[in-house]
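Engineer: For reference, the structure I am asking about is given below.
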Amino acid sequence: MPDRRSVRLTCTLNGRRLSLDAHPMARLLDVLRQQAGLTGTKEGCGEGECGACSVLLNGRLANSCLTPFAHADRATIVTIEGIASGDDLHAVQEAFLECGGAQCGICTPGIVLAAVDLLERTPHPTEHDVRAALAGNLCRCTGYMRIFDSVLEACRRLSASRA
Amino acid sequence: MEAPQIGRSVHRKEGRAKVTGQALYVDDVAPAGLLHGVTVRSPTARGIIKGIHFHPTVDWDEFTIVTAADIPGVNRVKLILDDQPYLASDVVNHPEEPVLLIAHRDRARAEDARRRVTIDIEPLPAVFTIDDALARREIIWGEDNTFKRYRVNKGDVDAALAAAEIVVEGEYETGAQEQLYIEPNGMLAIADRAHGVTVWGSMQCPYYIHTALAALFGIPAQRIRVVQMETGGGFGGKEEYPSIIAGHTALLAWKSGRPVKMIYGRVEDMASTTKRHPSRTRHRTAVDRDGRLRAMDIDFIIDGGAYCTLSPVVLSRGTIHAAGPYSCPNVRVTGRAVATSAPPHGAFRGFGAPQSIFALERHMDRVAAAAGLSPEEFRRRNFISSGETLAVGQTIREPVNMPALLDRALALSHYREKRERFARENARGGKSRKGIGLASFMHGAGFTGSGEVHLRSLITVEVSREGAVRVLAASTEIGQGTNTIFSQIAADALGIDCDDIEVARPDTLDVPNSGPTVASRTCMVVGKLVETAARGIRHTLVDSGYLSVLYDREHFRAACERYVDAFGALRATSQYQPPSGVTWDDEQYVGDAYGTYAWAVYVAEVTVDLTTWETRVDDFVAVQEVGKVINPTLATGQIEGGVAQGIGWALYEDVVWREGRMANAQMTNYIMPTSMDLPSIRVYFEEVPYPNGPAGAKGIGELPMDGAAPAIFNAVADATGAHPTHLPLTPERLMSAMETIGA
Ligand code: FES
Ligand code: FES
């Protein structure tokens with residue numbers, strides 16, 4: 001809710017430029033969920049441990065529960081809602097469906113973003129790279145094995161589409 | 001006819017909504033006029049409430065405030081003994097016990113107000129350990145601090161122990177474990193006298209909440225509606241506690257006349273809601289020179305916390321599983337659930353069985369050593385086989401082949417080769433030691449004893465004129481795959497495609513009571529009802545002459561249209577019937593404790609760092625027989641997830657208690673496994689169809705929680721020569737276990 005202390009900032013959110021009003025120290029997580037209506041970004045702990053609130057902020061994975069709204073100023077932000085193109089899922093999302101990478105789904109938006117981020121910077125990761133890239137994203141359901149499979153499958157799909 | 005769907009890794013039904021962020025969890029909805037609810041809790045373990053003070057700097061008129069005095073019906077959570085209040089009124093019995101509720105339209109203001117209420121409590125002596133509960137210096141519950149006792153008796157244990165050549169004793173302890181679903185608990189409620197009570201939320205058991213709310217508000221059940229939102233994990237943690245949160249949220253909504261949402265923060269969720277029961281198990285085991293079990297005397301105690309809640313049934317499952325998959329002529333198991341001044345412990349995957357199986361399987365390695373046998377050879381000599389009888393008096397009728405599971409697990413893990421190699425390498429010294437260990441176990445599927453008979457679960461399958469099929473059940477999708485496997489089961493029974501099946505959202509307005517989503521019962525018990533009802537529909541269509549024996553999707557649709565036009569609605573309901581020959585005596589506590597069991601052998605390989613005393617699991621092999629596997633990807637994910645929780649329980653997850661309160665109620669200092677901590681978990685299924693399960697399937701969800709911890713402890717013992725007995729095996733505990741052997 002905008003109040004007297006709120007500021008108006010402009011950012012690019014999922015490819016669209018827009019202005020948002022909030023207190024500069026409001027959590028980006030709350031602004032995304034409440035002001036921008038993007039509830040795909042989840043809160044699991046509110047203290048930077050679980051990664052359920054992960055977004056891509058200027059091309060880097062960030063915990064939006066620890067990010068003040070002020071950091072959104074002129075920033076490029078991608079949330080889970082900005083990963084698919086229309087009805088076409090991203091290769092990472094398709095691979096999660098194929099390999100069983102999502103169970104309850106609450107960690108999934110954050111983990112999909114972490115995987116997208118990894119594959120953009122490291123197109124051919126080893127399993128160890130995958131494990132390291134996901135170390136900040138907790139999943140209580142899967143034991144991570146199907147998630148590792150999903151990320152490696154996504155990597156194969158992306159390589160095939162590039163070839 | 002469509003190709004069979006069962007046995008294929010059909011994609012998760014709601015998977016697309018989950019990978020795109022479109023799936024709606026309770027915190028993702030916010031109706032107009034919403035208030036945010038918070039709970040004011042007891043700061044003290046036990047005492048008399050003397051007064052409640054509201055800080056004068058707050059304008060309390062802006063807030064909705066609910067105390068016990070506002071409860072329209074009964075201030076007791078309906079469960080087993082109904083001993084737990086929704087809101088404490090005169091006494092508190094554990095830290096974090098709810099006393100008062102506050103709501104405000106601004107969540108931050110509500111949070112702030114919570115801190116400006118002081119509850120004055122005159123402390124009473126409290127009880128914090130199983131030993132103190134048993135000593136009865138302070139009676140905090142009932143006559144003797146005991147919620148429930150069970151005794152299983154087979155043969156003459158005392159005589160067999162007296163005559164035994166070798167007797168091995170041991171004592172084992174397990175700590176509490178937090179479920180740590182990544183979505184914290186939450187509910188949304190709309191309630192008033194005119195419309196009754198509706199709640200939406202994160203839950204496993206809509207009808208538990210439904211029953212609880214009817215008693216809390218004292219209104220007819222038809223005026224209560226409970227709707228499950230997408231649920232971000234449960235593991236038992238959303239079995240019974242959500243009834244309290246639903247009640248609290250609805251009380252605030254009832255009083256304010258506005259929608260109210262209550263979302264727990266992580267700290268509140270960890271500190272206040274249920275955890276796995278801590279336990280202590282003592283074993284006295286007699287074995288002969290051939291390594292055959294002669295007697296097992298087992299004393300199994302769980303700490304239930306301050307109220308009874310589900311402890312009797314947790315105790316029951318733990319007691320029945322305490323003697324494991326072995327054949328022994330003389331067995332006595334004494335089970336007790338005792339009261340302490342901690343928040344009530346509750347359901348968590350495995351439900352008492354992981355605790356008693358941990359003790360047994362660690363102890364079996366000790367007995368093997370005393371008998372001069374390897375762990376695997378000792379177990380092989382004592383495995384139960386078909387036709388033999390478990391301690392509780394259940395004769396195993398289905399084929400069971402534990403030696404085959406053992407052989408497969410040993411081969412896949414290269415157990416023998418590694419055991420020898422690690423022994424050689426460890427003897428050379430160095431800064432670390434490696435070891436390999438195993439556990440063999442079983443897990444009963446469905447409610448214990450006569451539970452399923454009492455539940456009388458119901459499901460409905462209905463088909464529209466256009467041939468759209470809906471499965472109506474209260475069984476919740478909490479990540480384990482309910483939606484998908486029900487679709488597969490219904491699709492095969494109807495000879496159509498999974499995509500043509502919809503599994504309705506659990507909403508008590510629409511769905512019949514198929515029982516709680518617990519106890520590895522959803523696939524085996526409820527899935528069987530889905531299969532039966534769907535087959536009934538197919539037979540109805542065939543018998544009516546509208547459908548030939550062989551048909552495709554179009555024929556099916558045309559048949560539905562003709563049937564509906566001629567007869568009206570096309571639906572079938574099926575209700576649980578116990579399989580013939582299955583009997584249980586509640587009074588004597590003997591009989592067929594479960595319809596069937598899943599069987600397993602797990603192997604863990606570890607490295608122990610002798611400088612830091614950290615244990616790392618390097619490889620994990622999980623071999624199990626769970627009947628027919630409905631969906632290999634989902635089933636594998638269930639096993640992997642359960643093993644991961646078992647590894648966490650064994651090594652990392654340490655609930656630190658201070659005066660009955662969890663001192664480390666944060667993800668920062670309560671450590672669950674991350675992607676960096678786990679080995680590759682290798683999962684293998686033997687498929688032996690179970691005649692009473694859908695397409696031959698058994699229950700699967702809890703089984704993997706049982707085996708990881710004892711296999712890891714046995715591997716650490718192999719690596720170090722220590723005898724670790726207390727879980728979790730933190731570096732400090734391992735160091736002290738090493739000191740006792742003088743290493
Ligand atoms: S909610 Fe941000 S890291 Fe957990
Ligand atoms: S899928 Fe449930 S927490 Fe990851």
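Engineer: When you scan region B:228-243, do you find a residue that is within 14 Å of another protein chain (Cβ to nearest Cβ), more than 16 Å from B:ARG107 (Cβ to Cβ) and of a type in the set (Lys, Arg), even just one? Talk me through it step by step, then tell me what you get.
Structural biologist: Step one: filter region B:228-243 for residues within 14 Å of another protein chain (Cβ to nearest Cβ), giving B:228-238.
After this cut, where a residue has to be more than 16 Å from B:ARG107 (Cβ to Cβ) as well, the list is B:228-238.
Right, trim to of a type in the set (Lys, Arg) and you get B:238.
Yes, region B:228-243 has at least one match.
Engineer: Every residue in region B:80-90 that is within 17 Å of B:GLY218 (Cβ to Cβ) and out of contact with any helix residue (DSSP H, G or I) (no Cβ under 6 Å at 6 or more places or on another chain), please.
Structural biologist: Passing the criteria: B:ASP82, B:PRO85.
Engineer: Okay, moving on. Would you confirm whether any residue within region B:118-131 is among the aliphatic types (A, V, I, L, M) and farther than 30 Å from B:VAL314 by Cα?
Structural biologist: If we filter region B:118-131 for residues that are among the aliphatic types (A, V, I, L, M), which is where we start, we get B:119, B:121, B:124, B:126-127, B:130.
Retained after the next criterion (residues that are farther than 30 Å from B:VAL314 by Cα): B:119, B:121.
Yes.
Engineer: Would you confirm whether or not region A:74-82 contains a residue that is within 16 Å of ligand 2 (Cβ to nearest atom) and either closer than 21 Å to A:CYS11 by Cα or basic (Lys, Arg) (or both)? Talk me through it step by step, then tell me what you get.
Structural biologist: Of region A:74-82, the ones within 16 Å of ligand 2 (Cβ to nearest atom) are A:80.
Subset that is either closer than 21 Å to A:CYS11 by Cα or basic (Lys, Arg) (or both): A:80.
Yes, region A:74-82 has at least one match.
Engineer: Between B:GLU240, B:GLU268, which is acidic (Asp, Glu), assigned by TED's automatic domain parsing to the domain that holds B:LEU100 and within 30 Å of A:CYS50 (Cβ to Cβ)?
Structural biologist: Numbers: B:GLU268 fails: assigned by TED's automatic domain parsing to the domain that holds B:LEU100.
Result of the check over B:GLU240, B:GLU268: B:GLU240.
Engineer: Take the residues in region A:93-119 that are away from ligand 1 (no atom under 16 Å from the Cβ) and outside any helix (DSSP H, G or I), then tell me which one is farthest from the other protein chains (Cβ to nearest Cβ). Show your work before the answer.
Structural biologist: Step one: filter region A:93-119 for residues away from ligand 1 (no atom under 16 Å from the Cβ), giving A:93-103, A:115-116, A:118-119.
Now drop any that are not outside any helix (DSSP H, G or I), which leaves A:100-103.
Working: A:GLY100: 4, A:GLY101: 8, A:ALA102: 5, A:GLN103: 4 Å.
Looking at the filtered set, the residue picked out is A:GLY101.
Engineer: Quick check on region B:98-109. Is at least one of its residues within 14 Å of chain A (Cβ to nearest Cβ) and free of Cβ contacts under 8 Å to residues at least 40 places away in the same chain? It would help to see each step written out before you state the result.
Structural biologist: So the first thing to find is which residues in region B:98-109 are within 14 Å of chain A (Cβ to nearest Cβ), and the list is B:104-109.
Of the ones still in play, those that are also free of Cβ contacts under 8 Å to residues at least 40 places away in the same chain are B:108.
Yes, region B:98-109 has at least one match.
Engineer: Just for region B:213-227: of the residues that are in contact with a Pro (Cβ under 9 Å, 6 or more places away or on another chain) and crowded, with 22+ Cβ neighbours inside 10 Å, which one is farthest from the other protein chains (Cβ to nearest Cβ)?
Structural biologist: Start the filter on region B:213-227 by keeping residues that are in contact with a Pro (Cβ under 9 Å, 6 or more places away or on another chain), which leaves B:214, B:216-219, B:226-227.
Narrowing the set further to residues that are crowded, with 22+ Cβ neighbours inside 10 Å leaves B:216-217, B:226.
Working: B:LEU216: 28, B:PHE217: 30, B:VAL226: 19 Å.
Result: B:PHE217.
Engineer: Name the single residue that is modelled with the lowest pLDDT among those in region B:572-590 being surrounded by fewer than 16 Cβ atoms within 10 Å (Cβ to Cβ) and not in a loop (DSSP other than H, G, I, E, B).
Structural biologist: B:ASP585
Engineer: Six or more apart or on different chains, Cβ under 8 Å: which pairs go from a residue in region B:477-501 that's closer than 28 Å to B:GLY236 by Cα and away from chain A (no Cβ under 14 Å) to one that's assigned to a helix (DSSP H, G or I) and among the β-branched types (Val, Ile, Thr)? Could you list them?
Structural biologist: As it stands, the answer is B:PHE486/B:VAL526; B:PHE486/B:VAL530; B:ILE489/B:VAL530; B:ALA490/B:VAL530, since those pairs meet every condition given.
Engineer: OK, next. Does region B:718-726 include one or more residues that are in a helix (DSSP H, G or I), more than 17 Å from B:GLU605 (Cβ to Cβ) and assigned by TED's automatic domain parsing to the domain that holds B:ALA369? Walk me through it before giving the result.
Structural biologist: Kept after step one, since they are in a helix (DSSP H, G or I), are these residues of region B:718-726: B:718-720.
Filter once more, keeping what is more than 17 Å from B:GLU605 (Cβ to Cβ): none.
The answer is no; no qualifying residue exists.
Engineer: Within the set of pairs 6 or more residues apart or between chains, which connect a residue that is without any contact (Cβ under 8 Å) to a residue 12 or more places away in the chain and more than 9 Å from chain A (Cβ to nearest Cβ) inside region B:629-650 to a residue that is crowded, with 24+ Cβ neighbours inside 10 Å and among the small types (Gly, Ala, Ser) with Cβ atoms less than 7 Å apart?
Structural biologist: No pair meets every condition.
Engineer: Taking the stated definitions as given, is B:ALA598 in the same structural domain as B:ILE320 (by TED's automatic domain parsing) and either among the aromatic types (Phe, Trp, Tyr) or in contact with a strand residue (DSSP E or B) (Cβ under 6 Å, 6 or more places away or on another chain) (or both)?
Structural biologist: On the way: in the same structural domain as B:ILE320 (by TED's automatic domain parsing): yes; either among the aromatic types (Phe, Trp, Tyr) or in contact with a strand residue (DSSP E or B) (Cβ under 6 Å, 6 or more places away or on another chain) (or both): yes.
When the stated conditions are applied, B:ALA598 passes them.
Engineer: Continuing with this model, one more query. Here is a list of conditions, (1) part of a loop (DSSP other than H, G, I, E, B); (2) in contact (Cβ under 8 Å) with a residue 24 or more places away in the chain; (3) within 16 Å of ligand 1 (Cβ to nearest atom), and A:ARG74 meets all of them except one; can you say which number that is?
Structural biologist: That leaves (3) as the condition not met.
Engineer: While we're looking at this one, here's another question. Yes or no: A:SER54 more than 16 Å from ligand 2 (Cβ to nearest atom) and polar (S, T, N, Q)? Before you say what the answer is, go through the steps one by one.
Structural biologist: Details: more than 16 Å from ligand 2 (Cβ to nearest atom): no; polar (S, T, N, Q): yes.
So A:SER54 does not fit the description; no.
Engineer: State the number of residues belonging to region B:170-184 that are touching a Ser or Thr at 6+ places or on another chain (Cβ under 8 Å) and away from every other protein chain (no Cβ under 12 Å).
Structural biologist: Adding up the residues that qualify gives 5.
Engineer: Check whether at least one residue in region A:80-92 is over 23 Å from B:THR231 (Cβ atoms), within 7 Å of chain B (Cβ to nearest Cβ) and in a helix (DSSP H, G or I), and report yes or no.
Structural biologist: no
Engineer: Now for a separate question. Only one residue in B:ARG266, B:ARG276 is within 14 Å of chain A (Cβ to nearest Cβ), among the charged types (D, E, K, R) and farther than 28 Å from A:ASP30 by Cβ, so which one is that?
Structural biologist: That would be B:ARG276, the only listed residue that is within 14 Å of chain A (Cβ to nearest Cβ), among the charged types (D, E, K, R) and farther than 28 Å from A:ASP30 by Cβ.
Engineer: Being within 12 Å of chain B (Cβ to nearest Cβ) and assigned to a strand (DSSP E or B), is that true of even one residue in region A:5-12?
Structural biologist: As a first pass, look at region A:5-12 and keep what is within 12 Å of chain B (Cβ to nearest Cβ): none.
So far as region A:5-12 goes, no, none of its residues is within 12 Å of chain B (Cβ to nearest Cβ) and assigned to a strand (DSSP E or B).
Engineer: Only residues that are buried (at least 24 other Cβ atoms within 10 Å of the Cβ), on the phi > 0 side of the Ramachandran plot and of a type in the set (S, T, N, Q): list them for region A:39-69, please.
Structural biologist: Across region A:39-69, there are no qualifying residues.
Engineer: If you go through region B:574-595 one residue at a time, how many are free of Cβ contacts under 8 Å to residues at least 40 places away in the same chain and touching a strand residue (DSSP E or B) at 6+ places or on another chain (Cβ under 6 Å)? Give the steps one after another, and end with the answer.
Structural biologist: Taking region B:574-595 as the starting set, the residues that turn out to be free of Cβ contacts under 8 Å to residues at least 40 places away in the same chain are B:577, B:580, B:582-583, B:585, B:587-588.
From the residues that got through so far, the ones that are touching a strand residue (DSSP E or B) at 6+ places or on another chain (Cβ under 6 Å) too are B:583, B:585.
Going through region B:574-595 one residue at a time, the tally reaches 2.
Engineer: How about region A:120-163: which of its residues are within 15 Å of ligand 1 (Cβ to nearest atom), touching a Leu at 6+ places or on another chain (Cβ under 8 Å) and of a type in the set (Gly, Ala, Ser)?
Structural biologist: A:GLY136
Engineer: Which one is farthest from ligand 1 (Cβ to nearest atom) among residues in region A:31-53 that are out of contact with any Lys or Arg (no Cβ under 9 Å at 6 or more places or on another chain) and over 17 Å from B:GLN22 (Cβ atoms)?
Structural biologist: In this case the residue turns out to be A:GLN35.
Engineer: Can you name the residue in region A:95-154 that is buried (at least 24 other Cβ atoms within 10 Å of the Cβ) and of a type in the set (Ser, Thr, Tyr) and, of all such residues, is farthest from ligand 2 (Cβ to nearest atom)?
Structural biologist: Checking each candidate, the answer is A:SER150.
Engineer: Can you pull out every residue in region A:23-45 that is within 11 Å of chain B (Cβ to nearest Cβ), away from ligand 2 (no atom under 16 Å from the Cβ) and assigned to a loop (DSSP other than H, G, I, E, B)?
Structural biologist: Scanning region A:23-45 gives A:HIS23, A:ALA26, A:GLY37, A:LEU38, A:THR39.
Yes/no per residue for (1) within 14 Å of chain A (Cβ to nearest Cβ); (2) farther than 17 Å from B:SER520 by Cβ; (3) of a type outside the set (Lys, Arg):
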| residue | (1), (2), (3) |
| --- | --- |
| B:ASP677 | yes, yes, yes |
| B:SER680 | yes, yes, yes |
| B:GLY696 | no, no, yes |
| B:GLY701 | yes, no, yes |
| B:MET705 | yes, no, yes |
| B:ALA711 | no, yes, yes |
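Engineer: Taking region B:678-726, which residues are more than 22 Å from B:GLY648 (Cα to Cα) and among the aliphatic types (A, V, I, L, M)?
Structural biologist: B:VAL688, B:ALA695, B:ALA697
The values are calculated or read from the model by the stated rules, or taken from the named source; none is laboratory data. Fair warning: this is a prediction, and the values are worked out from it, not measured in the lab. Ideal geometry is used to build each Cβ from the backbone, glycine not excepted, and the neighbour counts take in all protein chains shown.
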